[in-house]
Amino acid sequence: MEEQQEPAYYYSCNECDSTVKGFHRFCHHCGAYLGAEAHREDIFNNQRLRSAFLFYGLNLFLCLIVKYTSWFHSYDQMFWMELLLALVALVYAYYNKDEILPLLAVKPLRIPVMAVIMAIAVVTSWLVNISVRELNISLFKSDNSYYGGYQIYIAPQLVMIYSIALMPAIFEELAFRGILYQYFSSFLNERLVVLVTACMFAALHLNFLSLIWLLPFGIFVGALRRKYNTIWYGIIFHFVFNLTACLIDLYREGHLF
């Protein structure tokens with residue numbers, strides 16, 4: 001966590017007056033060499049980089065426990081792990097609240113943008129669902145169902161949507177497009193931050209086959225974060241994408257209604 005903020009090195013290009021960051025050697029706008037005016041920032045001795053990898057390492061450790069132990073074979077145990085992962089994200093968000101709170105403002109949200117994002121989420125989720133199902137059947141001779149692990153509970157459809165759509169949409173976006181994005185953007189170009197956080201997001205799911213769609217997924221929601229300076233569009237896309245997958249699965253199982 002970030003107990004002490006390091007100074008942010010911002011300054012202006014002498015040629016075009018564009019704002020540049022401390023790690024830049026050339027102006028991103030006019031290409032002028034910044035020379036001695038640029039601050040050389042050692043990212044390997046950087047508080048925010050260490051905080052980012054500590055945060056990611058803790059999440060990765062918890063996900064590895066889930067995947068490679070026999071403790072989480074039912075949702076009774078997974079429920080508490082989901083809450084623990086959410087708590088980790090909330091604690092880090094609290095310690096970085098000055099940077100995170102502006103990303104949670106709902107005022108800049110626009111209905112037409114949300115409608116387009118939701119439509120893209122539905123279409124891409126349907127395409128991914130069909131493609132992954134065919135690959136699983138072709139390569140592994142299996143056709144897994146999300147619903148199977150939730151049907152023993154009261155209101156299993158709601159529990160399934162809460163676990164697969166709601167919790168990941170909120171807390172994965174807070175973690176990757178909120179906390180980690182803010183950490184890395186202090187010393188990396190934002191285009192690179194989008195790619196780095198997308199790769200970390202995809203890797204955390206610990207499924208090689210899923211990298212095919214998780215990486216573009218992460219790049220898209222990262223691009224939304226970069227363009228609109230909010231994580232709400234990413235949360236909406238993430239939720240609708242996962243909700244569509246849940247509804248498709250429920251339809252196949254005959255439990256949609």
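The values are calculated or read from the model by the stated rules, or taken from the named source; none is laboratory data. Values in this document were obtained by computation on a predicted structure and should not be read as measured data. All Cβ positions, even for glycine, are placed from backbone atoms using ideal geometry, and neighbour counts span all protein chains on display.
Report yes if I130 is loosely packed, with under 12 Cβ neighbours inside 10 Å, modelled with pLDDT of 90 or more and under 19 Å from F241 (Cα atoms), otherwise no. Yes, satisfied. Of note, A115 satisfies the criterion of being exposed (fewer than 14 other Cβ atoms within 10 Å of the Cβ), assigned to a helix (DSSP H, G or I) and of a type outside the set (S, T, N, Q).
List every residue pair whose Cβ atoms lie under 8 Å apart, where the two residues are 6 or more positions apart in sequence or sit on different chains, the first residue falls within region 186-197 and is closer than 8 Å to R226 by Cβ, and the second residue, located anywhere, is among the charged types (D, E, K, R) and not in a loop (DSSP other than H, G, I, E, B). Every condition considered, the pairs that remain are E190/R226; R191/R226; V193/R226; V194/R225; V194/R226. Restricting attention to region 133-143, the residues that are surrounded by 12 or more Cβ atoms within 10 Å (Cβ to Cβ) and of a type outside the set (A, V, I, L, M) total 2. Here V20 does not fit the description of being modelled with pLDDT of 80 or more and out of contact with any Ser or Thr (no Cβ under 7 Å at 6 or more places or on another chain).
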